[in-house]
Structure formats: structure tokens, C-alpha cells
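Written out below as C-alpha cells is the structure these notes cover.
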Amino acid sequence: MNELGTEIHLHARVFRAAGEWYADVGDERDPQPDNPLWWGSYDSQRAAITAACERIAALHRAHVLHLDDQEAS
């Protein structure tokens, strides 16, 4: 549980293959790397890590907004 009282279970995987860096984000319901919620390819490990962190933050914000909308209803 985080400071907002919400739970979100995501993980990021950063790896290198064929000279490119890849990042993917998955959730606990489907942790298989062949079907991520999101993925991208990058020129550097740092860029892949940054992109994965930004995507997790965006998914978290969307989740919090969804919870806020539910409470307002």
C-alpha cells in the first residue's frame, strides 16, 4: 500500500537484445514477458529505465484518477 492508500502491482523489466535496450511493464495478473502492458526499445539502458519508470508513474496516476472518479460517484 502506498501513501495514497492504493495498491498497484506492476513490474518493469529492462534487458538488452540484438544491440538494443528494451523495457517492458507488466502486472501481477500476466507477468509473462511476451505480453506486457507496455514496451519500448531504446538506445541506452538509462533511456529504457527512464521510460519504464515514467510509464509506471503514468499508469499509477491513471489508477488514482479512476479511484477518485469512483469515490465521487
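Ile8 meets each of the listed conditions (1) open to solvent by 50 Å² or more (accessible area, probe 1.4 Å); (2) at pLDDT 70 or above; (3) of a type in the set (A, V, I, L, M, F, W, C) apart from (2). Screening Asp27 against (1) open to solvent by 50 Å² or more (accessible area, probe 1.4 Å); (2) at pLDDT below 75 leaves a single unmet condition, (1). If you go through region 52-73 and keep only what is in contact (Cβ under 8 Å) with a residue 24 or more places away in the chain, under 17 Å from Leu37 (Cβ atoms) and either of a type in the set (A, V, I, L, M, F, W, C) or exposed (fewer than 15 other Cβ atoms within 10 Å of the Cβ) (or both), you end up with Ala52, Cys53, Ile56, Leu59, Val64.
The values are calculated or read from the model by the stated rules, or taken from the named source; none is laboratory data. Model, not experiment: these values are computed from the prediction. Every residue, glycine as well, gets a Cβ built from its backbone with ideal geometry; the counts of neighbours run over all protein chains shown. Ligands, DNA and RNA are excluded from the accessible area calculation, which covers all protein heavy atoms including side chains. Shrake-Rupley method; radii C 1.70, N 1.55, O 1.52, S 1.80 Å.
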